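The values are calculated or read from the model by the stated rules, or taken from the named source; none is laboratory data. Remember, it's a predicted structure, so these values are computed and weren't measured experimentally. Cβ atoms come from the backbone with ideal geometry, glycine included; neighbour counts cover every protein chain shown.
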Amino acid sequence: MPGMCWRSSSSSDAQRTTATNPTTSTHTGRIIMGIQAVYLSVDAAVLERVAEAPAEGLLDLVEELEEAGSPRVGLDKLWDGLHFLLTGVSASAPIEGNPLSEAVVGVQVYDCEDFIACTRNDELPAIIAALDAVSIEELLAGADFARFRKAKLYPKIWADDPAQLRAELEEAFRELRDFYHVCATQQRHVLVSIY
């Protein structure tokens, strides 16, 4: 995803939660119905493999990890809306050093074309603290989906039923926050893919 890259990376790691699994693609099982965000829990060895993978093999490696059943949470297509809800800007313009932005797009970017990034375990505490400080109910109560539409967020669902959108965004937020807690507790890293 052009525009989402702001720095490059060097490492990654994670483990299984009860969070939702994404649907499937041509390579790995993701259904090609749009751009989806998936967060994988990986250990240090896997993170090193990802960091050392050649650019042309990175997507295949991520899909291999998904197929292997790496612990994960999938935000489906809500990643851009969640980023906007938390930060006021689209995920296509991530805010470096902002833990709420990094919760959605990761910290270290490996590949800009098929957006792949990671958040190392030692980077999780700041993100978790920021997520824990969010009153998702208050944010959602004040959410103006006309602003989401005006910002041209992906995908074009922001004219749908506001109550349904609020419920889906709340669920996505809670699943992502809980996933980060599990990864931190288990000394795992988070591999982010948005494609």
Report task. Specify which of the listed residues (138, 113) is under 30 Å from residue 58 (Cα atoms) and either surrounded by fewer than 19 Cβ atoms within 10 Å (Cβ to Cβ) or of a type in the set (Ser, Thr, Tyr) (or both). Result -> 113
Query raised in the report: If only one of 149, 174 is surrounded by fewer than 19 Cβ atoms within 10 Å (Cβ to Cβ) and free of Cβ contacts under 8 Å to residues at least 12 places away in the same chain, which one is it?
Result: 149
**Report entry** Complete set of residues in segment 107-154 that are touching a helix residue (DSSP H, G or I) at 6+ places or on another chain (Cβ under 7 Å) and among the hydroxyl-bearing types (Ser, Thr, Tyr)
**Finding:** 110, 119, 154
Report task. Output the residue which, of all residues in segment 65-101 that are of a type in the set (Ser, Thr, Tyr) and either at pLDDT below 95 or part of a helix (DSSP H, G or I) (or both), is surrounded by the fewest Cβ atoms within 10 Å (Cβ to Cβ). Result -> 92
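Regarding residue 59, is this residue at pLDDT below 95 and either in contact with a helix residue (DSSP H, G or I) (Cβ under 7 Å, 6 or more places away or on another chain) or part of a helix (DSSP H, G or I) (or both)?
yes
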Report task. Could you please give the count of residues in segment 16-54 that are modelled with pLDDT under 50 and either touching an Asp or Glu at 6+ places or on another chain (Cβ under 6 Å) or not aliphatic (A, V, I, L, M) (or both)? Result -> 15
